[in-house]
Amino acid sequence: MKCEQISELLPDYLQGSLSPDQRRTVETHLEQCADCSEEVAIWQKLSLLPVEQPGPASRARFEAVLQAYQAGRSNQPAHNSQWRKRFSSWNVFHWLRSPLGAAAWSAALLAIGIFAGLRLAGPKPPSPDLAAMQSELANMKQLVVLSMLQQQSASARLEGVTWSTRDQQLDPRVLSALLHTLRYDPSVDVRLAALDALSRHSAQPQVRSSVVSALQEQQSPLVQVALIDQLVEWHDRDARPHLEKLRQSPNLNPAVRQRADRAISKLN
Amino acid sequence: MTLAPDEDLMLQVRDGAGEMLGVLFDRYQTPLFNFYSKLTGDRTLSEDLVQEVFLRILKYRQSYRPGTPFRAWIYQIARNARVDHFRKFPRQTALEPEMLPPVVPSDSAQEQQEVELLRRALRMLPEDKREILLLCRFQELKYEEIAALLGCELNTVRTRIHRALQELRKSFHQLTKGTAS
Ligand SMILES: [Zn+2]
C-alpha cells in the first residue's frame, strides 16, 4: 500500500481503533517506511509532555465563585430593590457587613459578571452610555472587593480575593488590601488565595518584596510551601538568602525545609 | 468519593444541586488546565479560563440536555471561553517562552531536552493544529466528538491530525538538528 492510503488509516491506528487486519497492514508498512513510522513516533513522544498542575488556590477560587453564585441566585429577585435603596445611603460599608448586605452584594457581583459577559458577547463597540456604566461598575466593584476583604467570614474574604482577580489592573487600594491579607489574614485558605491573586501582578515591586517577607512570618507549612513555589516560579534569585534563612529556622516543618532546599538549588 | 458518571452529575447541577459541580471540577480542572496551558503557554491565563468555564457551566446549566456527552460539552464551553477571551484581549503576550513553566527535572537529561524541544515544536504549530493534537492526544476525546466540536466531517478530523503530526515532526526535526550542530 502507498503512504497516502496508510495515512488515512494512521489516525485510527494511533487510537487503537483499527480492525486486526487493517492494523497488520499498517504495521507491515511501518516496518519499511521511515516517513510513516516517524509520524507514529512523534505521536508517541507527545506522551513525554508532563501533566501540569494548576495552582493550589484554584479549588478555593472555584468554591468562592460557586458560593457567590448560589447566594446570588437565591437572593437576587427578593433584594433587588433593597440593594438600590441601601446602596445610595452613605453607610455602605456597615451595610455590606450585614448578612442581608452580604447576600445582596453577591447578587450585585453576579450582575456585574453577567453584564460584563454580555458586553463581551456583543460585537459592537460600547456606546458612551455603556462606557460610563462600565466605569461606574468598576468603581462599585472595587468598593465591594475592599469591603469583602474585611468581612468576618473567611469565605466572604475569599470571595473578595477571587473577585479582585477578575481585573487585569489592580487598583492600588485593592493591591495593598491584598498584601495585607497575604500577611495577616487568619485563614490559610484566604492567604493562599491572596498569594494566587498577587502572583498575577508580579511586575509590581511591592508584590515580590511582600512575598519574600511573608516567607519569614508565616507559620503554616501550606502557605510556606506556596510562597516558596511562587519564588521559584518567578526565578527570583534575590530570594535565595531568605530561603537559606528560612531553612535554618528551628521547628521548621521537614517538608517545608525540603521544599526550600529544592528551591535553593533551582534558583542557583 | 462518588463514581457517578459525569452526565448524571451534570443533570443534578442543572436541576439545582450546584454543589455537585465540585466533583466535576475535581475531575476536569487538571485536564482543562493542561488544554489551556499547552495551547497558550500562559499558566495564569489558563487558571483564569478554567474558572471561567465552571462559571459558564453554572450560568448555562439549563442548556445541558440529557444524553449529551459531558466531556464534549465542557470542551465546547472551553473553546468558546478562550475565543471570547482573545476577542476581549487581543493577544499581546501569547506564547512568550518565559511564560512557560520551568522544565520539571527528570532522571535523564536527554529526555528532559526532548521534552523541551517537543514543547517548542508544539508551540511553533499554527494554533488550530496545536489544538487538534491536544484534543485527541491529551483530552481523550474521540474523533467523532472532535468532529462535532470543530463542526467538521470525521474524515476531515483524520486528515487534520495527520497534517498536524507531519508539521510537528518537521519542526521537531529542525529543532533537534539545531541543537545537535
Ligand atoms: Zn509510508
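Computed from the coordinates by the stated procedures, all read-outs in this text should not be read as laboratory data. Quick caveat, the model's predicted, so the values are computed rather than measured. Note that we place each Cβ from the backbone using ideal geometry, even for glycine, and neighbour counts take in every protein chain shown.
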(request) Could you compute the FRET efficiency for A:Gln206 and A:Glu27, with r as their C-beta to C-beta distance and R0 at 56 Å, rounded to 0.05? (result) 0.40
(request) Determine by what factor the alpha-carbon radius of gyration of region B:6-88 differs from 2.2 N^0.38 Å, reporting the quotient. (result) 1.05
(request) Would you work out if region A:141-226 is rounded, prolate or oblate? Take a ≥ b ≥ c from the square roots of the eigenvalues of the alpha-carbon gyration tensor; rounded if a/c is under 1.5, else prolate when a/b is larger than b/c, oblate otherwise. (result) oblate
(request) Pairs to check: A:Lys45/A:Lys266; A:Lys45/B:Lys38; A:Lys45/B:Lys177; A:Lys2/B:Lys129; A:Lys45/B:Lys170. Give those whose C-alpha atoms are more than 22 Å from each other in this structure. (result) A:Lys45/A:Lys266; A:Lys2/B:Lys129
(request) Would you work out which of B:Tyr143, B:Thr176, B:Thr159 lies farthest towards the positive end of the dipole of region B:110-180, given +1 charges on the beta-carbon of Lys and Arg and -1 on that of Asp and Glu, about the Cα centre? (result) B:Thr176
